[in-house]
Structures are given as C-alpha cells and as structure tokens.
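*Asks:* Before I ask anything, here is the structure I am working with.
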Amino acid sequence: MLSKETKDRIQGLYREAIKEMSLLPRYGQRVMIAEIAKALAGVREDEKGERDNDAGIAVVEAGTGTGKTLAYLIASLPIAIEKEKKLLISTATVALQEQILDKDLPALKKHLSLPFKFALAKGRGRYLCLAKLDKSLQHLSGILATVDLFEQTPEEADRELYETMLMKYGKGDWDGDRDRWPDEIERSQWSHLTATHRECSNRRCPHFQNCAFYKARSEMEDADIIVANHDLVLADLSLGGGAVLPSPEKTIYVFDEGHHLADKALNHFRLEMGVRAHRQWLKQLEKLLEQFIAQAGMPVGLMHSLKEAPEHIRVLSQNISLIWPLVMDLIGEKDRQRFEFGRLPDPLRELLAAMRPPLQPLVAGLDKLSDMLQKSLDPSENGDLSRDIAEAWQAPIGIMLAKAEELSESLSWLATEEGEGELPVARWLTKTPYGEDWDILISASPISVAAQLRRNLWSRCYGAVVTSATMTALNSFNALKWEAGLPDWATYERVASPFNYAENGQLEVVQLASDPKSDDFENDVVEWLKEAVDPEVGTLVLFSSRAQLEATRDALIRDWYDHLLCQGYLPKAEIVRRHKKRIDEGKGNVIFGLASFAEGIDLPGEYVTHVVIVKIPFAVPDDPIQSAISEWMESRGRNPFMELALPAASIRLIQACGRLIRKETDVGKVSILDKRLTSQRYGRLLLDSLPPFRRI
Ligand code: SF4
C-alpha cells in the first residue's frame, strides 16, 4: 500500500514538474505514475532491507506521447531515495540514453524541489587505462620491449594521438571516456588504451587514484540515479550482479525500451568458438609461456602447472586440428549449418568434450600465475616475482587467462547434451572472415532466457519497471512474459496514447496486384511508389529487406535524385539531418529505411506526413535461434507462427506505424503495401492491434 505521505509527495512532485516545466497534465501519465508507485510501495522488506514478497514489478505499455520518462522518474525516484536504493535506468539504444542524460534528467533536476544526483555507467572498455597508455608510449619510445603477444604493437603513427590524450587527460580537458573524445578513435588505436578486468591490477595499479574507470565508478556510487544500457546490466547480472553496477537487491530498475530486453539477453548468452582463431591462440599461449619462463624462471609454486602446460596445449591443439576437417565437411558450401534440436554430430561433440580435461588445469595454472603476478605488484605483499616482471607480464597473462576462461565456458555449452525434458540449446556453424581467409565459428545459445532473467533479475531485484510504447503483441502481454520470464504476479498496465489517431491519421492497406511472395512484387511496389508518393513532402518508406530497398532505389533514383535518401548509403544521423534540412527548405524528401528507421526515429510535423510500409515485418526466416525455438515448439504440438512470429511482427508493425504521429498536432497517412493484411486470417489480428487510425 502506498502511504499517504508517499502518495502526497509523488503528487506534489508531479504538480511541481507540470508547473515548472510548463507541461500539459496527461491522464495516461497520471495512470502510469500511480501504477508504478503502487507496485513499488507493495514491496515488503526483510531485516536486511531486501524484498521478500511477490511485489515491486510494474510492466507498463505507454503509448506514444504519454510522457513515460517523466512518469517513471516521478513515481520511482522518491521511493528509491526513501528506501535508500539506487534507481537504475537502462535503455536499449544510445539515442534514448542521450535524451535521458542530456535532456530529461537535467530538466528535472533544475525544476524539482527533490535534490538528486545522476551518473552514467559504462563498461570498462569505454574508458582509458592510464597504465596501458603509459606502456604504449614507453614502447613507442623504445624504453619498453613489451611482450610481442598478438604481433600487434602500438603504431608510430598513433604516437601523437596518444601523447595528446595523455596531455588532455592530465590537464582535466578529457575524462578518459572514449565517447567524449572529439574524434572517432579506431578500434586498433583504442585496443592499446583500454584494459579488461583481467588486465587491470586494480588497487595495486600505480594509476589507481587517477584512473578514469574507477573515477567514473565512484561517481556512480554517489549517484541516486544511474543511467546504463541493457547490455551492461546483463553483463553485470551474468557476473552475479553487483560486479559493475549495484546489486539487484539494492536496485530499482527501469528498463525503458523494455521490449528489447529478451533479445539483448539472448545475444548476451550466445557463446562461440572460432576453430582457426583458437588454434592460433594456443600457439600464442605456448610461445608466451616459453618467453615468460625464459625471463622469470620457473616460480616455485607453479612448477607443476607450468611444466604440464605444454602437454595440455599439445592435446588441445591436436583436438582442434581434428575438429577443422569435420566442421568443413559439415558446413560444405553453405554459410551456416544449424543442428536439429541443437544436437551436434557425435564425433564433433566428443572432440569438443575431450578438450575440457586438458583445459581445466591450464585455466587453473593461468589463474594462479595471474594471482602471483598481481601480488608481486604490491610492495606490501612480498610476492614471488620481481616488480619489473610483474609489471611486464600481468596484463598479457591476464588476457590469456580471460581467453582460456571464455573457451572453457563455450565448451560447457557446446559439448554437453541436454537431458530429457530440458529446453534445447541452439547450436550451429557459421563461416566468418579470418584475415585474408575464413574461419568456422561453432556457436551455442539458449533458446530462452526466461529462466536466467527470472533467477538473476526478477526474483532478486528490489523493484523493476519495464516500459516501452510497444510491449503487447496482438493485444496481449503473453509473448513478452514468455520471452523475458516476467512473473504473472507483476502489475501489467496499458496506457493509451493521448493522440487522436482516428482524427489525425489515415491507414490504407494497398491492394497491389501481387503479394510479397510473388516475383512481381518488387516491380509493383516501384510502380505504386511512382504513382502514389509525392517526393515534395516528408515521406518515410520502410523496407524489410536490404536487397529490395536497393533495387527500389535503383529504379527510382533518376526521377527522385534530389528527393531521396537511403539507409546504407549514408549514416543514419546524416540522413535525418539532410532530410530535415530539405523539408525546412520546403523541398520535400523521401527516406528509404530498414528496421532501425522503424523504431526510435522522431520526425514530427512536416518531417513525415506519409509512412509507407512495404511488407509485414516478419523476422528473417533463417535466424538459427528463432529456427531452434520454432522447431522445439512444433515438437510440443505448439504453433510458433501464432505464438512468436506473428506477435513479433505485430510489435514491429505497430512501431513502424508509430513513426507518423509524434505529437498532438501531427497529421498524415500510413500506407501498407502488403495485401496479406486483408487476404489472410492473421492479417485481421495485426490490423486490430494497430493504433486506431481512420481506415481508407
Ligand atoms: S586501475 Fe586498472 S584500468 Fe585503471 S589505470 Fe590501472 S590498470 Fe588501468
């Protein structure tokens, strides 16, 4: 129950925000605030201040224009502060993260009487490691002959950049965040400047007090609101939660763009092993250990592990050499080969399984060596190795340990067989470029992350809000619940958009002669676009396939040369910039875009008055994880088309239609060129889920 005091406080803050920020009060926004506050206030705490009941999770679909950011902040911030929990706002895209950080939070901070601090959380890889910058510069000056680990050393051409970085960081003109450096930094340049957690010597590092990553982390510890992204939250949860971000028990999460949480998690849990890349890595490891022993001698406590290591490496390399012809045979001429029900052929599975016994002692030995090097960096610890040796070898051995651990985890998914009744794991091979040549990746992924999210997130967090403009599919939260493992007891609420769709928007299902399965479709689309689209007005044409976008562009570019901008030919931000400029100058323009233009693009008013959707956006049919899910569902007598493919297409279609009306005064038309919407039974379900445009 919401106490009267908390209720009054939240209502007071809302009134204040409306007045101070000159906003219009919105009914849906009030409903959203009330539902979130009620759910969070229902949390019962145990003696440690952790949640111990089934409450505290609100799933809210907030139609476009609800003002959901303000709603979830007003509802959850006072509760988070009162309960001494962190409010963690997580987004799927950089665009939304920037909007929250640069616009919404500063505006709220300025106008609300509730004081709060906020900070951005990023992964370690986005920050400068001073120790590595120092080493790279020393190497370039010839002071340090670093270990030639990947036959990649800092380039002389980058010396000026590295020196400028050091100077700017030292003067406080740059905070070490890669994204705040004024120019693009190439991946090859950055790789010499950032450290993984295995390379970082933490408190033992001489730069610790001045370290960019740890400075950002301490700001985060001080903040009431932390802004992050889904990938970072998932990475933290897979490390047990509380490794980089606050622990789930002390956190109220807000997952904005929450409909992406499950697919981000699926990607996150995917593991893979490149066959040739691993053969190469084992060679490097062997060479590295030889060099280490030549320089440092055989440390007493590691005599056994280091003596045995070459034999373990030999067995692993031998297995990999036998795996290569097998996978070549299995993949043949194809680019990808998926295994039915995730079952690898026995010979391949047995070879992979046989890699686990020699890998285990190798990981344990590298772990001990890494630990020994870390301790030797610390003058107070009386380590077994000299400080010079520790400084030179701690990072390269850390990298090798991380790779060995990664391989061990991959093998645990690749080489096992699921028991009776367990969900299958998707397993497949993919050809991938490797230098001038190609490699074969052996990949594995769970087909559902529901259990992991339930265990690591929903059952542990203090509270959570999951929100987006499109959470339901075919008017139901079922698909989301299944994919993300959200509990039945959570609060589920739909808040309608305040926009008058029936008055301001029209929807037509165009009856072309052909449907998307026909060979004539491409041509019919071109002819219709020529006839029905006015290039003098702001138009967005959304394609589901790059090939069709390109073919249509080729057919129309001559007629629309000064009025057409296409995804894939210019960066997205540049397309938006040029489009707006043309519309502002009264010239009109048409954008051809793919899926990323169907979501998160905000082109209000005259910028877009006509949205054309070429096809129902069904997922790519050969995605190995989706195929594995369908196969499993069919084997259980379920209907994957109705349960997954159609709901997913429904969400994408709603998002695509959502590009038209961005504010109360917007008007325009949506044309969908896929007549299956009216000719097929499922089409009716899709149409019924769309915003209530006037049908023409
Ligand atoms: S503390 Fe870690 S990340 Fe920071 S400078 Fe030192 S080694 Fe690099």
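All of the numbers you see were taken from the coordinates with simple rules; none came from a lab. The shown structure was predicted, so the numbers you read here are calculated from the model rather than taken from an experiment. Every residue, glycine among them, receives a Cβ derived from its backbone with ideal geometry; neighbour counts consider all protein chains shown.
*Asks:* Give or take rounding to whole Å, what are the principal axis extents of the alpha carbon atoms in the chain, in descending order?
*Replies:* Extents along the principal axes: 81, 64, 57 Å.
*Asks:* About the Cα centre, and with charges only on the beta carbon of Lys, Arg (+1) and Asp, Glu (-1), how big is the dipole of the chain? Nearest 20 debye, please. Each step should come with its number before you reach the end.
*Replies:* Details: 87 positive and 104 negative charges, 323 e Å.
Charge dipole of the chain: 1560 debye, to the nearest 20.
*Asks:* Which aspartates and glutamates, on any chain, are close to Lys375 with Cα under 17 Å apart, when same-chain ones fewer than 8 places away are left out?
*Replies:* Straight-distance partners of Lys375: Glu199, Asp367, Asp384, Asp388, Glu391.
*Asks:* Å³ per residue of the Cα convex hull, for region 259-315?
*Replies:* Spelled out: Cα convex hull of region 259-315, divided by residues, is 133 Å³.
*Asks:* May I pose another question? In whole Å, largest first, what are the principal axis extents of the Cα atoms in region 386-544?
*Replies:* 76, 52, 44
*Asks:* A further question follows. Only helical DSSP H runs with n ≥ 4 go in: add -39500 (n - 2.57) per run for the chain, normalise by residue count and round the 222 nm mean residue ellipticity to 500 deg cm²/dmol. Working shown, then result.
*Replies:* On the way: 26 runs with 313 residues, N = 696.
Calculated mean residue ellipticity at 222 nm is -14000 deg cm²/dmol.
*Asks:* Give the residue list of GluC sites (Glu not before Pro) in region 369-447 that are DSSP loop and have at most 10 other beta-carbon atoms within 10 angstrom.
*Replies:* Working: sites: Glu381, Glu391, Glu405, Glu406, Glu409, Glu417, Glu418, Glu420, Glu422, Glu436; in loops: Glu417, Glu418, Glu420, Glu422, Glu436.
The qualifying sites are Glu420, Glu422, Glu436.
*Asks:* Here's a follow-up. Could you give the angle, 0 to 90 degrees to the nearest 10, between helix 521-532's Cα long axis and the longest principal axis of the Cα atoms of the chain?
*Replies:* On a 0 to 90 degree scale, this one is about 50.
*Asks:* Follow-up question, since we're still on this one. Please report how far the C-alpha centroid of region 526-552 lies from that of region 176-239, rounded to the nearest whole angstrom.
*Replies:* The distance from the Cα centre of region 526-552 to that of region 176-239 comes to 43 Å.
*Asks:* What is the helix-to-structure angle for 303-331, meaning the angle in degrees between its Cα long axis and the longest Cα principal axis of the chain, kept from 0 to 90 and rounded to the nearest 10?
*Replies:* The two axes meet at around 40 degrees.
*Asks:* Compute the signed sum of charges (Lys and Arg +1, Asp and Glu -1) over the other residues within less than 13 Å, Cβ to Cβ, of Ser630. Provide the component values of the computation, followed by the final result.
*Replies:* On the way: positive: Arg338, Arg636, Arg638; negative: Glu340, Asp622, Asp623, Glu631, Glu634, Glu643.
That works out to -3.
*Asks:* Could you tell me which of Met220, Met328, Leu411 has its Cα farthest along the dipole of the chain towards the positive end, charges placed at Cβ (Lys, Arg +1; Asp, Glu -1), taken about the Cα centre?
*Replies:* Met220
*Asks:* Would you please give the residues with an amide H less than 5 Å from that of Asp674, counting only those at least 5 places away or on a separate chain, with H modeled from the backbone geometry?
*Replies:* Result for Asp674 returns Val510.
*Asks:* In square nanometres and to one decimal, what's the mean projected area of the convex hull around the Cα atoms of region 3-158?
*Replies:* Details: hull surface 59.9 nm².
Over every viewing direction, the Cα hull of region 3-158 projects on average to 15.0 nm².
*Asks:* Of Lys117/Lys250; Lys38/Lys117; Lys48/Lys85; Lys122/Lys581, which sit over 22 Å apart, Cα to Cα?
*Replies:* Numbers: Lys117/Lys250 17 Å; Lys38/Lys117 24 Å; Lys48/Lys85 12 Å; Lys122/Lys581 33 Å.
Going by Cα-Cα distance, Lys38/Lys117; Lys122/Lys581 fall outside the 22 Å limit.
*Asks:* Taking only the alpha carbons of region 270-446, what extent do you get along each of the three principal axes, in Å, biggest first?
*Replies:* 56, 41, 24
*Asks:* Still on this model: Rank Ala490, Tyr434, His304 by how far each Cα sits towards the positive end of the charge dipole of the chain (+1 on Lys, Arg Cβ; -1 on Asp, Glu Cβ) and give me just the farthest.
*Replies:* The residue sitting most towards the positive pole is Ala490.
*Asks:* On to the next question. Using only the Cα atoms of region 501-695, construct the convex hull and provide its projected area averaged over every direction, in square nanometres to one decimal.
*Replies:* 11.3 nm²
*Asks:* Right, something else. Would you please name the trypsin sites (Lys or Arg not before Pro) within region 612-696 that are DSSP coil residues with at most 15 other C-beta atoms within 10 Å of their C-beta? Provide the component values of the computation, followed by the final result.
*Replies:* Details: sites: Lys615, Arg636, Arg638, Arg652, Arg659, Arg662, Lys663, Lys669, Lys675, Arg676, Arg681, Arg684, Arg694, Arg695; in loops: Lys615, Arg636, Arg638, Arg659, Arg662, Lys663, Lys675.
Within region 612-696, the qualifying trypsin sites (Lys or Arg not before Pro) (loop, at most 15 other Cβ atoms within 10 Å) are Arg636, Arg638, Lys663.
*Asks:* Quick one: Cα convex hull volume of region 124-217, Å³ per residue?
*Replies:* Details: hull volume 10.0 nm³, N = 94.
Hull volume normalised by residue count: 106 Å³.
*Asks:* At a 10 angstrom cut-off on C-beta neighbours, averaged per residue, how do the peptides 260-271, 97-108 rank from highest to lowest?
*Replies:* Numbers: 260-271: 19.0, 97-108: 16.6.
Answer by packing, highest mean first, reads 260-271, 97-108.
*Asks:* Once you've got the Cα coordinates, tell me which of Lys135/Lys403; Lys431/Lys675; Lys334/Lys403; Lys403/Lys431; Lys109/Lys132; Lys431/Lys481 are over 25 Å apart.
*Replies:* Working: Lys135/Lys403 22 Å; Lys431/Lys675 37 Å; Lys334/Lys403 28 Å; Lys403/Lys431 21 Å; Lys109/Lys132 37 Å; Lys431/Lys481 34 Å.
Those over the limit are Lys431/Lys675; Lys334/Lys403; Lys109/Lys132; Lys431/Lys481.
*Asks:* Tell me, what is the Rg over Rh of region 494-599, with Rh the Kirkwood radius over Cα pairs?
*Replies:* Numbers: Rg = 15.1 Å, Rh = 15.2 Å.
Taking Rg over the Kirkwood Rh, I get 0.99.
*Asks:* Still on this structure: Helix 356-377 versus the longest principal axis of the chain: what is the Cα-based angle in degrees, 0 to 90, to the nearest 10?
*Replies:* The angle comes out near 80 degrees.
*Asks:* Still on this structure, please answer the following. Report for the chain the percent antiparallel among DSSP-assigned beta bridges with both residues inside it, nearest 5.
*Replies:* Details: 20 of 70 bridges.
In the chain, DSSP labels about 30 percent of beta bridges as antiparallel.
*Asks:* Suppose a student asked you for the relative contact order of the chain, using Cα pairs under 8 Å spaced at least 6 residues apart; what percent would you report?
*Replies:* Numbers: 1117 pairs, mean separation 118.4, N = 696.
Once normalised by length, the contact order is 17 percent.
*Asks:* Now a separate question. Please compute the Cα-Cα pair-distance distribution of region 1-87 with 10 Å bins starting at 0, giving whole percents from short to long.
*Replies:* 17, 50, 27, 6, 0
*Asks:* Taking K and R as +1 and D and E as -1, what net charge do the other residues with C-beta under 11 Å from the C-beta of Gln318 add up to? Present the calculation step by step, with values, prior to reporting the outcome.
*Replies:* Values: positive: Arg279, Arg314; negative: Glu311.
Charge balance in the 11 Å sphere: +1.
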